[in-house]
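Chemist: Attaching a single structure in structure tokens format; questions to follow.
Here, each number is a calculation from the coordinates, and none is a lab measurement. Since the structure is predicted, the reported quantities are computational estimates derived from the model, not experimental observations. In this analysis, Cβ positions are derived from the backbone assuming ideal geometry, glycine residues included, and neighbour counts consider all displayed protein chains.
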Amino acid sequence: MNHERLKFLYPLRFGGFSLCLIGLFVSPTRANAHPVVFAGGTAVMGHHQGKEVGFEVVHSPSYWSGLGFELSRHEQTPILMGKATGLLWRGNFPDFQSNFYLGAGAGYRWGHKDKMWHTQTGHRSENAPVYQWSADWDGEDRQIYSVLKYSEMFEKWDTRHRKATARLGFAPYKAKNDEPTFWGIVEWTPEKSHGNQNWEHEVTPLVRIFYKNALVEVGGSLSGKFTFNYMFHFFN
């Protein structure tokens with residue numbers, strides 16, 4: 001693993017992209033989900049699972065920060081949010097790398113009257129401001145990587161949406177710099193919306209293909225939701 005190059009790389013999923021999908025960074029042989037990219041780099045990402053769709057652009061003005069926006073559709077209503085993420089810790093080991101991030105965002109949700117009834121006030125509202133915070137951890141080597149993420153989204157009147165993501169991925173071979181990389185991934189996503197008594201769970205097997213500055217993930221959850229994620233990375 002080339003640590004001289006890796007020390008300038010910092011993670012963007014979802015959020016998840018999840019997926020979350022969640023931002024992605026690129027090294028010569030792989031790309032993994034991260035919330036910060038190269039200093040001066042820009043990532044363009046998209047996520048689709050069932051009825052939920054997201055599009056995100058992130059730019060890193062420095063090696064430890066990422067700024068961008070996300071346009072998504074959650075529970076059939078659109079949300080536009082600005083986001084900021086900071087790298088709090090990075091560990092470089094002989095054949096292993098780990099990172100920890102905190103992020104925050106704010107934006108607006110355009111709702112439907114029949115879906116935005118607030119039980120405490122009895123008021124209806126089509127639109128509402130939204131706020132989000134998230135924590136991300138990842139660990140990886142050239143063939144195995146793992147991701148843990150937790151996020152909460154708040155609407156006005158303290159309506160809360162909680163989501164966690166755990167990922168484990170494996171590459172069957174160590175690809176060279178000019179070769180495509182293939183990964184097998186299993187993703188587990190517990191999720192709980194305001195008003196729900198129990199957490200809902202999704203387990204999604206995925207196949208990831210990464211080549212140069214492009215990444216594609218295709219799969220389907222065990223409940224039958226088709227999943228498609230993509231990323232394009234641009235460098236100065």
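Chemist: Evaluate E = 1/(1 + (r/R0)^6) for W199 and S62, where r is the Cβ-Cβ distance and R0 equals 41 Å; express this FRET efficiency to the nearest 0.05.
Modeler: 0.65
Chemist: Same structure again: Grab the beta carbon distance between F93 and R160, set R0 = 41 Å, and tell me the FRET efficiency rounded to 0.05. Let's see the in-between values first.
Modeler: Details: r = 37 Å, r/R0 = 0.89.
Once rounded, the FRET efficiency stands at 0.65.
Chemist: Sorting check: for 43-50, 217-224, which peptide has the highest mean count of neighbouring beta carbons within 10 Å, and how do the rest follow? Kindly include the intermediate steps, with their values, before the conclusion.
Modeler: Numbers: 43-50: 22.0, 217-224: 15.0.
Per-residue Cβ counts within 10 Å, averaged per peptide and sorted highest first, yield 43-50, 217-224.
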